[in-house]
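> My structure is below; once you've seen it, I'll send some questions.
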Amino acid sequence: MKKFLLTLLVFLGFNQSNVVADNTSDTNAFSFSFESIEGGDLNLDQYEGKALLVVNTASLCGFTGQYEGLQTLWDNYKNKGLIVIGVPANNFSSQEPGSDGEIKEFCETTFGIDFPMTSKVSVKGDDAHPFYKWLLTQSAGTPKWNFHKYLIAPDGSFNKSFSSLTKPMSDSLVKAVEKILPEN
């Protein structure tokens with residue numbers, strides 16, 4: 001009986017995963033929108049044809065200093081077709097407890113951030129933002145910590161992910177960005 005129940009649970013688990021993937025098979029990154037940290041919609045379709053680097057961020061994390069590298073990456077490549085998007089999330093050890101206004105002020109005054117940022121969302125679990133649920137269907141995995149980076153190609157497909165340990169200006173990330181930048 002235990003073997004039957006285990007087999008049934010495994011089957012239902014795989015079947016449920018397939019349903020999620022089937023529901024999003026025609027979807028790409030540009031199908032999603034967030035709320036902007038400034039209010040209003042941040043529709044990703046406005047960036048169609050550009051590469052995206054989407055990063056879940058936090059203000060009280062050991063990796064928070066990566067904001068500086070993200071801003072440098074944005075400054076260096078925004079006119080070449082890269083859009084950096086910061087996604088504040090409080091999923092990891094409550095390291096992003098502030099309100100959207102507090103997060104925005106912190107980012108602007110501490111790091112001079114001027115790339116697009118979303119309002120605070122969840123990036124994992126049942127309450128994850130739909131964009132992050134879509135990433136799971138693309139074999140991109142769930143962020144393991146703050147400052148996990150997802151590179152999206154100009155056609156809206158998932159390209160590559162980078163762990164929190166990968167600095168924004170690292171050779172591996174910069175080369176991956178340069179490889180998928182749209183033709184100028």
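> Can we say Leu135 is surrounded by 14 or more Cβ atoms within 10 Å (Cβ to Cβ) and either part of a helix (DSSP H, G or I) or of a type in the set (S, T, N, Q) (or both)?
yes
> A further question follows. Regarding the range 70-90, can at least one residue be identified that is buried (at least 24 other Cβ atoms within 10 Å of the Cβ), touching a Gly at 6+ places or on another chain (Cβ under 8 Å), of a type in the set (Val, Ile, Thr) and closer than 19 Å to Ile37 by Cα?
no
Here's the yes/no breakdown for (1) acidic (Asp, Glu); (2) within 20 Å of Asn159 (Cβ to Cβ); (3) in contact (Cβ under 8 Å) with a residue 40 or more places away in the chain; (4) in a loop (DSSP other than H, G, I, E, B):
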| position | (1), (2), (3), (4) |
| --- | --- |
| Val54 | no, yes, yes, no |
| Leu60 | no, no, no, yes |
| Thr72 | no, no, yes, no |
| Lys78 | no, yes, no, no |
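> Turning to a different aspect of this structure: Considering each residue of the range 97-119, count those that are crowded, with 22+ Cβ neighbours inside 10 Å and either in a loop (DSSP other than H, G, I, E, B) or acidic (Asp, Glu) (or both), and give that number.
1
> Take the conditions closer than 20 Å to Leu42 by Cβ and either within 11 Å of the chain's Cα centre (by Cα) or free of Cβ contacts under 8 Å to residues at least 24 places away in the same chain (or both) and apply them to Asn90. Does it pass?
Answer is no for this residue.
> May I pose another question? Restricting to the range 79-109, give me the number of residues that are farther than 18 Å from Asn146 by Cα and among the polar types (S, T, N, Q).
Of the residues in that region, 2 qualify.
> Which of the residues that make up the range 138-184 are assigned to a helix (DSSP H, G or I), surrounded by 18 or more Cβ atoms within 10 Å (Cβ to Cβ) and of a type in the set (Val, Ile, Thr)?
Val177, Ile180
> Can you pull out the residues in the range 24-52 that are charged (D, E, K, R) and not in a helix (DSSP H, G or I)?
Across the range 24-52, the qualifying residues are Asp26, Glu35, Glu38, Asp41, Glu48, Lys50.
> Can you work out which of the residues in the range 40-52 that are loosely packed, with under 15 Cβ neighbours inside 10 Å and free of Cβ contacts under 8 Å to residues at least 40 places away in the same chain is farthest from Lys80 (Cα to Cα)?
Ranking the candidates gives Gly40 first.
> Moving to a separate point now. Within the range 80-96, can you find the residues that are outside any loop (DSSP other than H, G, I, E, B) and either touching a His at 6+ places or on another chain (Cβ under 8 Å) or not aliphatic (A, V, I, L, M) (or both)?
Lys80, Gly86, Val87, Pro88
Just so you know, all these numbers are worked out from the coordinates, no wet-lab data involved. Values in this document were obtained by computation on a predicted structure and should not be read as measured data. Here Cβ is always computed from backbone atoms with ideal geometry, including for glycine, and neighbour counts include all displayed protein chains.
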